[in-house]
Amino acid sequence: MHGVRPVHYDLDVRIDLRGCALAGTARIRLRNDTTGPCPATSFLLNRLLVPVASEGLHWSLVAMEDLPSQQVVQAVVEWPRPIVPGGEATAEIAFSGGLGDYASTGMSYIRDRIDAGFTVLRPDAFAWPVPGSPSHRALR
């Protein structure tokens, strides 16, 4: 599931300030930079966001390997045909829910939330699908 990198993001996100929630769709074009085929790709989302079920998409709530107190949603897209080396494919993942902060994990700077006073969506809060496995070391 490793070795692919995003080459283009197309995000469509709607924010519901009254409900303190968001809903969106991410279309992410990925390139396989490895020497072997890529049969599946892992994406991470905030623990309060739920991916919409679609063919080839499986998800679960998991702990980060190197920070078990931090949970994320891991969504895995199984490709109908593996992405060949140098090839590209586009994943489309719809998602909805809230944003949970990660202050209790010791990452006190990640206090993202949906609020009429101030809302910010950032990749380190996993506010949209981010390609990678549940490990901070692997994400670097």
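Can you give the local net charge around GLU92? Use residues other than it whose beta-carbon is closer than 15 angstrom to its beta-carbon, Lys and Arg +1, Asp and Glu -1.
-3
Compute the signed sum of charges (Lys and Arg +1, Asp and Glu -1) over the other residues within less than 13 Å, Cβ to Cβ, of THR25.
Working: positive: ARG14, ARG27; negative: ASP10, ASP12, GLU92.
Surrounding charge for THR25 is -1.
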For Cα extents along the principal axes in Å, several values are listed as [x] 65, 31, 23; [y] 46, 31, 23; [z] 58, 40, 26; flag the one computed from this structure.
[y]
In the chain, what percent of the accessible surface is made up of carbon and sulfur (1.4 Å probe, ligands and nucleic acids excluded)?
52 percent
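In square angstrom, what is the accessible area per residue of the chain with a 1.4 angstrom probe?
Working: 7460 Å² over 140 residues.
Ligands and nucleic acids excluded, the result is 53 Å² per residue.
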Report the local net charge at ALA116: Lys and Arg +1, Asp and Glu -1, summed over other residues whose C-beta lies under 13 Å from its C-beta.
0
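For the ranges 130-139, 90-99, 15-24, 114-123, what's the packing order if you count other beta-carbon atoms within 10 Å of each residue, average per peptide, and put the highest first? Walk me through the numbers before you get to the answer.
Values: 130-139: 16.2, 90-99: 18.4, 15-24: 14.7, 114-123: 12.3.
Highest-to-lowest ranking by the protection proxy: 90-99, 130-139, 15-24, 114-123.
The values are calculated or read from the model by the stated rules, or taken from the named source; none is laboratory data. Everything numeric in this text was worked out from a predicted model, so none of it was measured. All Cβ positions, even for glycine, are placed from backbone atoms using ideal geometry, and neighbour counts span all protein chains on display. With ligands, DNA and RNA removed, areas are computed over all heavy atoms of the protein, side chains included. Shrake-Rupley method; radii C 1.70, N 1.55, O 1.52, S 1.80 Å.
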